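Taking it in order: structure first as structure tokens, then the write-up.
Laboratory data are not the source of any read-out in this text; all were calculated from the coordinates shown. Keep in mind that this is a model prediction, so the values were computed, not measured. Reconstructed Cβ throughout: ideal geometry from the backbone, glycine too, with neighbour counts over all protein chains shown.
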Amino acid sequence: MNKLHFKVGLFTAASLLLAAIFIVYLLHARGFFEKTFHLQLAAASADGVAPGVPVVFSGIEIGRVTTLGLNDSGGIIIRAEFLGRNAKWLRENSTFTLDKPFVGGAKIRVESPDLDAPALPDNATMLLLTSDISKEIPALVERVKAILANVEHLTRKDGEINATLANVKTVTGRMTGEYGVLEGVLGSPEKARAVTDSLEKTRALITKLDGLALKMDGMAAKTDQWLFAQDGMAEQTKASLAQVRLMLDDAQSSLKKADALMSNAVDISANVKEGTQDIAALRAEIDDAVRKANALVNEINKKWPFARDPEVKLP
Amino acid sequence: MNFLAASIESLGAKVVGWFTVGYGMFAFLARAGLLLLDRTTWNRATFDVVVKQVYFTAVQILHVFMGYTLVISWLIITIILSTARDFGLTEFASEMTIRVLVLELLPFLTALFIALRSGSAINTEVALMKVNSELDALAHCKVPPMQFEFLPRLIGGVISVITLAGLAGLLALLMGYLSIYGVSAAGFEPYTRTIAKIFDFTIMAGLIVKCALFGLAVTLIPVTAGLETPKKLFMVPVSVLRGMMRVFFAIVAIEVVSLALKYI
């Protein structure tokens with residue numbers, strides 16, 4: 001066996017095998033064993049489109065533009081080719097947009113919102129939309145200018161924002177003081193101290209009131225005992241009031257007598273002017289006395305609900 | 001006046017010299033090509049010399065060459081990847097790697113490798129044969145040197161450069177895949193897509209033609225340079241020097257023309 005020939009044979013066989021594998025792989029990669037899927041795109045303008053422009057789906061190239069030309073009515077027809085395995089991304093509701101970024105070449109972007117929609121048939125014609133960023137720039141610049149002018153106005157030296165920021169600075173500066181947020185809100189440490197002081201006092205007051213309430217409870221119990229016990233204050237008062245009523249009834253009857261007397265006296269001395277004058281004064285005095293007595297009775301009855309008819313009526 | 005005439009004369013002599021060399025080279029190539037069409041060329045003896053030539057040019061240096069390819073590929077892939085990452089162009093890294101290595105750099109380096117190793121050897125051998133009148137002796141014995149000495153060298157050179165550049169390219173593709181995606185099948189789809197994008201028919205044909213031209217350049221030029229040697233022993237180194245310079249210029253010219261055709 002010729003060793004040299006064997007080595008060369010081995011080398012050649014291995015090289016040929018590798019070359020064959022690579023060629024088969026390359027043919028597979030380029031879709032030689034697959035059906036090619038064709039698509040026609042109708043566009044208003046072929047600006048930026050050339051054979052070789054990639055068609056991308058989700059950022060991955062799935063096909064390329066092969067030719068472009070005019071149809072009979074002057075419209076632009078762009079033909080693109082896809083590998084059979086990539087045709088599944090093209091659906092009837094797919095949209096085709098021509099992207100022309102600032103950096104990098106133009107590309108046709110495919111968007112298929114619903115992958116369950118019916119597949120596009122071979123040689124279908126779709127509409128190509130254009131999203132030309134460079135056309136939107138002037139409008140964008142105008143808007144940015146307006147925004148910048150506003151910002152400039154807001155941030156001018158004596159502007160509102162500066163004043164607000166100064167205020168905020170003062171407030172936050174106070175907030176770092178002894179009394180914190182309270183000082184920031186009230187404006188000075190003295191005022192804040194007053195608030196805290198009153199809070200302290202209120203607390204002390206509440207403590208005292210608690211004690212007082214306890215004492216009151218005790219007193220109320222004692223008062224109950226004192227008032228309503230057998231031979232207590234209430235019993236005695238009742239008795240004395242009965243006496244008062246008797247006295248008042250007497251007063252009423254004597255007043256009635258005086259009234260009658262006075263009526264007679266008025267009749268008798270109708271012509272005597274001076275006398276009448278005197279009697280009128282007397283009458284006023286008596287009225288006054290009766291009013292006082294009535295007030296007294298009312299006062300008593302308000303406190304002690306025994307009487308039904310407190311009024312002392314004058315004729 | 002004399003000076004001007006002298007310089008014009010020397011320029012004319014140089015141009016004539018270039019034309020003579022170029023003409024000699026292409027005439028030699030034409031004779032070799034015609035011989036290739038001749039049925040008598042396809043005999044066992046010629047085939048044996050071709051096999052020997054392939055062995056000495058390609059098989060013998062295969063392990064060294066592959067190791068060298070591995071290191072160079074790994075280095076360049078790493079540089080391209082890290083640079084692409086720095087500039088945020090990672091998506092172009094694999095394409096860049098394949099284009100730089102497989103299409104341009106590795107064929108060029110293969111041609112240089114073979115030119116330095118085999119081309120210089122061929123040049124020296126042919127020059128010595130010429131100086132020692134061995135070629136005349138061979139012709140006298142009815143062993144045409146073209147058929148049994150030169151044509152097999154040309155064929156061997158072309159085969160060697162194409163095969164070695166192809167193997168180096170495949171190794172670089174593998175290295176590129178491993179560098180970008182690591183040992184996993186995850187990147188197979190995108191890598192296949194990139195390869196499909198780059199290697200269309202014209203690129204593949206151009207690559208093979210370029211490698212074949214490299215192979216021819218690294219064998220044909222040394223052979224013709226050797227045949228030009230005057231029959232004086234001290235002219236052998238001069239002949240090798242001239243031959244190697246021409247080989248270098250030829251390789252660079254082929255590379256430049258191929259790049260220009262591809263990208264301009």
Label zone at B:Leu75 (point 7 Å along Cα-to-Cβ), backbone N below 16 Å, region B:160-187: B:172
Which residue, A:Leu186, A:Leu39, A:Leu248, tops the fluctuation ranking in a GNM of chain A built on C-alpha contacts under 10 Å? A:Leu248
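Restricting things to Cα coordinates, could you compute the convex hull volume per residue of region B:204-264 in Å³? Don't skip to the end; give the middle numbers.
Working: hull volume 3.5 nm³, N = 61.
Cα-based convex hull of region B:204-264, divided per residue, equals 57 Å³.
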Residues of type lysines that A:Lys257 reaches as a straight line, Cα spacing below 25 Å, ignoring anything fewer than 8 places off in the same chain: A:Lys273, A:Lys292, A:Lys313
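So what's the back-of-envelope 222 nm ellipticity for chain B, counting only DSSP H runs of four-plus at -39500 (n - 2.57) apiece and dividing by all residues, rounded to 500?
Details: 11 runs with 204 residues, N = 264.
Here the helix-only value at 222 nm equals -26500 deg cm²/dmol.
Work out which chymotrypsin sites (Phe, Trp or Tyr not before Pro) in chain A are exposed loop sites (DSSP not H, G, I, E or B, at most 13 other Cβ within 10 Å) and give the longest gap free of them.
Details: sites that count: A:Phe32, A:Phe33, A:Phe102, A:Phe306.
Segment A:103-305 is the longest.
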Positive dipole terminus of chain A, leading residue within A:Ala260, A:Pro54, A:Gly74 (C-beta point charges): A:Pro54
Could you check the spin-label model distance between B:Leu259 and A:Ala234? Points 7 Å from the Cα along Cα→Cβ, value in nm. 12.3 nm
Set Lys and Arg Cβ to +1 and Asp and Glu Cβ to -1, take the dipole of the protein assembly as shown about its Cα centre, and tell me which of B:Ile162, A:Val151, B:Val16 lies farthest positive. B:Val16
At q = 0.08, 0.15 Å⁻¹, what log₁₀ I(q)/I(0) does a Debye calculation on the Cα points of chain A give, no solvent, two decimals? -0.81, -1.22
Treating cross-link reach as a plain straight distance, find the aspartates and glutamates whose alpha-carbon is under 13 Å from the alpha-carbon of A:Lys100, omitting any fewer than eight places away in the same chain. A:Asp47, A:Asp132, A:Glu136
Taking the square root of 5 times each eigenvalue of the Cα gyration tensor, what semi-axes in Å does the equivalent ellipsoid of region B:95-225 have, largest first? 40, 13, 10
Under a 10 Å cutoff between Cα atoms, tell me which one of A:Glu34, A:Glu285, A:Glu235 has the largest fluctuation in the Gaussian network model of chain A. A:Glu285
Under a crude label model (7 Å from the Cα following the beta-carbon direction), how far is B:Phe249 from B:Asp48 in nanometres? 3.9 nm
Please state, rounded to one decimal and in Å, the Kirkwood hydrodynamic radius that region A:155-228 gives when every pair of distinct Cα atoms enters the mean of 1/r. 16.3 Å
Among A:Lys107, A:Lys35, A:Lys238, determine the one that fluctuates most according to a GNM of chain A built with springs between C-alpha atoms less than 10 Å apart. A:Lys238
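Once Rh is set to the Kirkwood radius over Cα pairs, what Stokes-Einstein translational diffusion coefficient, in µm²/s, holds for region A:100-178 at a temperature of 37 °C and a viscosity of 0.692 mPa s? Don't skip to the end; give the middle numbers.
Working: Rh = 18.9 Å.
It diffuses with D of about 174 µm²/s by this estimate.
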Within region A:155-228, what is the number of lysine pairs with alpha carbons under 26 Å apart, leaving out pairs fewer than eight places apart on the same chain? 6
Given B:Lys197/B:Lys262; B:Lys14/B:Lys231; B:Lys14/B:Lys210; B:Lys52/B:Lys231; A:Lys3/B:Lys52; B:Lys52/B:Lys210, the pairs whose alpha carbons are separated by over 19 Å: B:Lys14/B:Lys231; B:Lys14/B:Lys210; B:Lys52/B:Lys231; B:Lys52/B:Lys210
Once you have all Cα-Cα distances for chain B, histogram them in 5 Å bins from zero and send the whole-percent values. 1, 6, 11, 14, 15, 14, 11, 9, 7, 6, 4, 2, 1, 0, 0, 0
Across region B:53-68, in residue order, what do the Karplus-derived ³J(HN,Hα) couplings come to in whole Hz, using 6.51 cos²θ - 1.76 cosθ + 1.60 with θ = phi - 60° and x for Gly and Pro? 4, 4, 4, 6, 7, 10, 5, 5, 9, 4, 5, 4, 4, 5, x, 5
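Please state, rounded to one decimal and in Å, the Kirkwood hydrodynamic radius that the protein assembly as shown gives when every pair of distinct Cα atoms enters the mean of 1/r.
On the way: mean 1/r = 0.0272 Å⁻¹.
One over the average 1/r among Cα pairs gives 36.8 Å for the protein assembly as shown.
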May I ask which residue of B:Leu174, B:Gly215, B:Val257 lies farthest towards the positive end of the charge dipole of region B:43-263, with charges of +1 (Lys, Arg) and -1 (Asp, Glu) on Cβ and the Cα centre as origin? B:Gly215
Residue by residue through region B:142-155, what is 3J(HN,Hα) from phi via Karplus (6.51 cos²θ - 1.76 cosθ + 1.60, θ = phi - 60°)? Round to whole Hz and write x for glycine and proline. 6, 10, x, x, 4, 6, 9, 10, 8, 4, x, 5, 4, 4
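Between the DSSP loop rule and a limit of at most 12 other Cβ atoms within 10 Å, which trypsin sites (Lys or Arg not before Pro) in region B:126-186 are left?
Here the trypsin sites (Lys or Arg not before Pro) that fit, given the DSSP loop and packing criteria, are B:Lys142.
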Simple spin-label estimate for B:Leu241/A:Leu186, 7 Å along Cα→Cβ, in nm, reads 10.4 nm
Cut-off under 5 Å, modelled amide H: who pairs with A:Leu129 long-range: A:Phe96, A:Thr97, A:Leu98
Taking chymotrypsin sites (Phe, Trp or Tyr not before Pro) that fall in a DSSP loop and have at most 15 other Cβ atoms within 10 Å as cut points, what is the longest piece of chain B between them? B:88-233
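Within region B:181-251, report the trypsin sites (Lys or Arg not before Pro) that DSSP leaves as loop and that have at most 14 other Cβ atoms within 10 Å.
B:Lys231, B:Lys232
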Using R₀ = 22 Å, calculate the FRET efficiency as 1/(1 + (r/R₀)^6) where r is the Cβ-Cβ separation of A:His5 and B:Glu125; round to 0.05. 0.50
Enumerate by residue number the trypsin sites (Lys or Arg not before Pro) in region A:153-202 meeting two conditions: DSSP loop (anything except H, G, I, E, B), and at most 16 other Cβ atoms within 10 Å of the site's Cβ. A:Arg156, A:Lys157
P(r) of region A:35-136 in 5 Å steps, Cα pairs, percent per bin? 3, 13, 25, 27, 18, 10, 4, 0, 0
